[in-house]
1. If I go through region B:133-163 residue by residue, how many of them are of a type outside the set (Gly, Ala, Ser) and either at pLDDT below 85 or not assigned by TED's automatic domain parsing to the domain that holds B:PRO94 (or both)?
2. Just name the residue that is farthest from A:PRO54 (Cα to Cα) out of those in region B:32-56 that are within 7 Å of another protein chain (Cβ to nearest Cβ), at pLDDT 70 or above and surrounded by 13 or more Cβ atoms within 10 Å (Cβ to Cβ).
3. Which ones in region A:58-76 are facing chain B (nearest Cβ under 9 Å) and in a helix (DSSP H, G or I)?
4. Residues in region A:21-57 that are aromatic (Phe, Trp, Tyr) and within 8 Å of chain B (Cβ to nearest Cβ): how many?
5. Given the criteria at pLDDT below 90 and over 30 Å from A:ILE68 (Cβ atoms), does B:GLY13 qualify?
6. Considering only residues that are surrounded by 16 or more Cβ atoms within 10 Å (Cβ to Cβ) and touching a Phe, Trp or Tyr at 6+ places or on another chain (Cβ under 9 Å), look in region A:99-118 and name the one that is modelled with the lowest pLDDT.
7. Could you tell me which residue of region B:136-151 is farthest from B:ILE122 (Cα to Cα), considering only residues that are of a type in the set (D, E, K, R) and in contact (Cβ under 8 Å) with a residue 12 or more places away in the chain?
Amino acid sequence: MKAILVLGCRLFVGGIFIYASLDKLVHPQAFAEAISHYRIVPYPLLHLCAHLLPVVEFVTGSALVLGIGRRGAALLACAMTLVFMVGITSALIRNLDISCGCFNTDGGHGVGFDLLWRDGILFLLCLPPLLAEDSGFGLERFFRK
Amino acid sequence: MLQVPPSTTPTAGSWRPVSLREAGLLMLIAFLATGVSWFLRSDGLSLTADPIGYELELAAPLIQVDPALALYDEGDYLFVDARPSLTDEFQTIPGAFFISEDSFDDDLLGYFDFMGPEDRFILFGDGNLLPISNIAARMKERGYENLFILKGGLAAWRAAGGEISMRTGDGS
């Protein structure tokens, strides 16, 4: 039962992260603009974030789906989700009327409280792959001695 | 004899060293992949951002797509496709002129008989404001004062039902 739960969470969260990375990988300039609208990231780091974040999302998502480095990937997913929640909260506090830039860089979903709920649920779904001993049918069992 | 199955519950703190080590390894992979991707992309985004482009201090005011559609129908404005790189075959707004940042002077000279500073223009691109604003600034330096930048670029125009035509790199 635990293995099924871990497998389900891994595939769901991993799939979400892979999907979220694709448009950003193709349009780094547009994603840089989306990040800049949050007014959090300093300009010297803006393009680096626009390059790096989608790749980290893709690598994390792939690792979760395949079940390789499952706990590390889940930890990264938790960390990224927390960062997203901080960004969204910051935008809400400052009444910024901006697109979230979560899944696509062409407009997309506006920043709102529903995004906090969504990310909160995503964070909770990262916990079983992070904490469980069982890999949930992951490929990492083939790499064990 | 009753055998106790191996525990599947994590011991306190046992996940931390493993997850930190794996996360570090995944970040290393991501850094390497980012570097390779940045190196290989011909249209790559520079590693350093120009703050001016992100302060949204645009060289020309933005115009929403609906009023732009109305102005297109009236025919009083000239449309300028200012996308930085166009493939062999691409979509654009019918009748649009082409001015890119790389060949700005040549492009402007080529259209000398067809447009002048007295005309009114709507510049559009792929939705990214920075390159379009740069071209608007350069046009203003040449005396072209009546400029708008189409918000959302060609994608917004297409989504709003604006006319689209196919063009090839040789202008046909």
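The values are calculated or read from the model by the stated rules, or taken from the named source; none is laboratory data. On a predicted model such as this, the values are computed, not experimentally measured, just so you know. All Cβ positions, glycine included, derive from the backbone under ideal geometry; neighbour counts span all protein chains shown.
1. Within region B:133-163, the subset of a type outside the set (Gly, Ala, Ser) is B:134-135, B:138-142, B:144-151, B:154, B:157-158, B:163.
Still in the list and also either at pLDDT below 85 or not assigned by TED's automatic domain parsing to the domain that holds B:PRO94 (or both): B:134, B:151.
Qualifying residue count, region B:133-163: 2.
2. Pass one, region B:32-56, residues within 7 Å of another protein chain (Cβ to nearest Cβ): B:33-34, B:37-38, B:45-49, B:51, B:54.
Remaining after also requiring at pLDDT 70 or above: B:33-34, B:37-38, B:45-49.
Remaining after also requiring surrounded by 13 or more Cβ atoms within 10 Å (Cβ to Cβ): B:33-34, B:37-38, B:45, B:47, B:49.
On the way: B:ALA33: 11, B:THR34: 9, B:SER37: 11, B:TRP38: 12, B:LEU45: 14, B:LEU47: 15, B:ALA49: 17 Å.
If we take residues in region B:32-56 being within 7 Å of another protein chain (Cβ to nearest Cβ), at pLDDT 70 or above and surrounded by 13 or more Cβ atoms within 10 Å (Cβ to Cβ), then B:ALA49 is farthest from A:PRO54 (Cα to Cα).
3. Listed by number, the residues that qualify are A:PHE58, A:VAL59, A:THR60, A:ALA63, A:ARG70, A:ARG71, A:GLY72, A:ALA73, A:ALA74, A:LEU75, A:LEU76.
4. First, pick out the residues of region A:21-57 that are aromatic (Phe, Trp, Tyr): A:31, A:38, A:43.
Next cut, within 8 Å of chain B (Cβ to nearest Cβ) only: A:43.
Total meeting the criteria: 1.
5. On the way: at pLDDT below 90: yes; over 30 Å from A:ILE68 (Cβ atoms): no.
Criteria not met by B:GLY13.
6. Residues of region A:99-118 that are surrounded by 16 or more Cβ atoms within 10 Å (Cβ to Cβ), as a first pass: A:99-102, A:104-106, A:111, A:115, A:118.
Keeping just the survivors that are touching a Phe, Trp or Tyr at 6+ places or on another chain (Cβ under 9 Å) gives A:100-102, A:105, A:111, A:115.
Numbers: A:CYS100: 81, A:GLY101: 82, A:CYS102: 84, A:THR105: 72, A:VAL111: 82, A:LEU115: 89.
That would be A:THR105.
7. To start, the set of residues in region B:136-151 that are of a type in the set (D, E, K, R) comprises B:138, B:140-142, B:145, B:151.
In the following step, the residues that additionally are in contact (Cβ under 8 Å) with a residue 12 or more places away in the chain were identified as B:138, B:140, B:142, B:145, B:151.
Values: B:ARG138: 14, B:LYS140: 13, B:ARG142: 16, B:GLU145: 11, B:LYS151: 10 Å.
Taking the candidates together, the pick is B:ARG142.
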